[in-house]
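Just so it is clear, none of the values below were taken in a lab; they were calculated from the coordinates. Small disclaimer: the values here were computed from a predicted structure and weren't measured. A quick note on method: Cβ atoms are made from the backbone with ideal geometry, for glycine too, and the neighbour counts reach across all protein chains shown.
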Amino acid sequence: MRKSLKNKLACTLMVLLALVILSSCGEVPDVEGGELLKKARDAYSSLESARVIMTNMQTDEAEQEFVFKYDEKGILTYSYVGKSDKTSYAQFNNGIESFTEENGKVTHLVRGDKDFAAYSKDARHPQADKGLIIYQPQSVKKAQVTDENGTTHIRHEYDMEKISPELDEGRATAFYADYYFNKDDELLYFTETTEADVEGEKKIYAYKIEITEKNAVERVENPVKTD
């Protein structure tokens with residue numbers, strides 16, 4: 001899946017259940033549903049703007065939101081807002097300056113500062129690139145494609161010996177990625193589900209990811225209060 005986002009909140013979407021895929025070499029053949037997923041990943045990375053919403057499926061609460069837009073020179077402006085039971089995080093970056101708020105503490109950086117990072121079409125932000133839509137065929141244990149009343153449902157079960165999910169607590173025992181496409185093979189949304197053992201108790205963490213306002217974001221607002 002994706003590298004741990006908890007360790008680089010300043011530049012990526014914060015995900016409670018981020019995954020680390022062990023590296024592999026060589027060409028990897030597709031698994032079932034792979035062609036559709038690759039097209040969806042390419043379509044997402046070609047967008048000029050979008051809003052990405054991550055919803056906790058157990059509480060039906062939107063816990064994370066990432067909004068991005070490229071300007072005419074290909075420079076990225078983005079905002080991120082995320083929260084969990086223990087943390088809150090927000091960031092705005094327009095390629096010239098950035099504002100970050102983490103648990104109430106605000107940091108302001110400008111271009112040239114040591115920790116400042118700018119993004120563009122040539123230097124992609126991880127969450128504005130195709131990696132947002134998880135697809136790692138070398139680590140898929142089981143793949144299945146079904147038709148559900150005109151919606152194509154792709155389910156990938158990942159091999160826990162080949163991935164290393166990072167959790168706030170407990171040990172991950174299973175990970176599933178489900179993708180839903182309409183009759184025109186356009187991605188509607190996808191979900192990520194992690195099963196975990198927490199001191200002998202089974203827990204499930206499930207998130208729905210939706211990509212909205214495709215090429216329709218007019219302005220990226222700064223979510224960080226600066227006064």
### Task
Per residue of the range 120-128, in order, report the coupling 6.51 cos²θ - 1.76 cosθ + 1.60 (Karplus, θ = phi - 60°) as ³J(HN,Hα) in whole Hz, putting x for Gly and Pro.
7, 5, 8, 10, 6, 6, x, 8, 9
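In this model, which of K130/K214; K83/K162; K38/K73; K86/K162 are farther than 20 Å apart at the alpha-carbon?
Working: K130/K214 14 Å; K83/K162 28 Å; K38/K73 26 Å; K86/K162 29 Å.
Distance filter (> 20 Å) returns K83/K162; K38/K73; K86/K162.
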### Message
Net charge within 15 Å of D42 by Cβ-Cβ distance, Lys/Arg positive one each and Asp/Glu negative one each, not counting D42 itself?
### Response
+1
### Message
Quick check: the angle from helix 34-45's long axis to the longest principal axis of the chain, C-alpha only, nearest 10 degrees?
### Response
10
### Summary
Amide H neighbours of Y189 at under 5 Å, excluding residues fewer than 5 places away on the same chain, with H built from the backbone geometry, are Y180
### Query
Using the alpha-carbon centroid of each, what span in Å lies between the range 112-140 and the range 154-190?
19
### Summary
Going residue by residue through the range 211-219, the Karplus relation 6.51 cos²θ - 1.76 cosθ + 1.60 with θ = phi - 60° gives ³J(HN,Hα) values, rounded to whole Hz and with x marking Gly or Pro, of 9, 10, 6, 5, 6, 10, 6, 7, 8
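Kindly provide the helix-only [θ] at 222 nm of the chain, computed as the sum of -39,500 (n - 2.57) over DSSP H runs of four or more divided by all residues, to the nearest 500 deg cm²/dmol? Walk me through the numbers before you get to the answer.
On the way: 1 runs with 12 residues, N = 227.
About -1500 deg cm²/dmol.
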### Query
Whose amide H sits under 5 Å from the amide H of T212, counting only residues 5 or more places off or on another chain, with H placed in the peptide plane?
R51, V52, I53
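Rounded, prolate or oblate for the range 21-93? Axes are the square roots of the Cα gyration tensor eigenvalues, ordered a ≥ b ≥ c, and the cut-off for rounded is a/c under 1.5. Mind dumping the intermediate values first?
Working: a/c = 2.02, a/b = 1.28, b/c = 1.58.
Oblate, since a/c reaches 1.5 and b/c is not below a/b.
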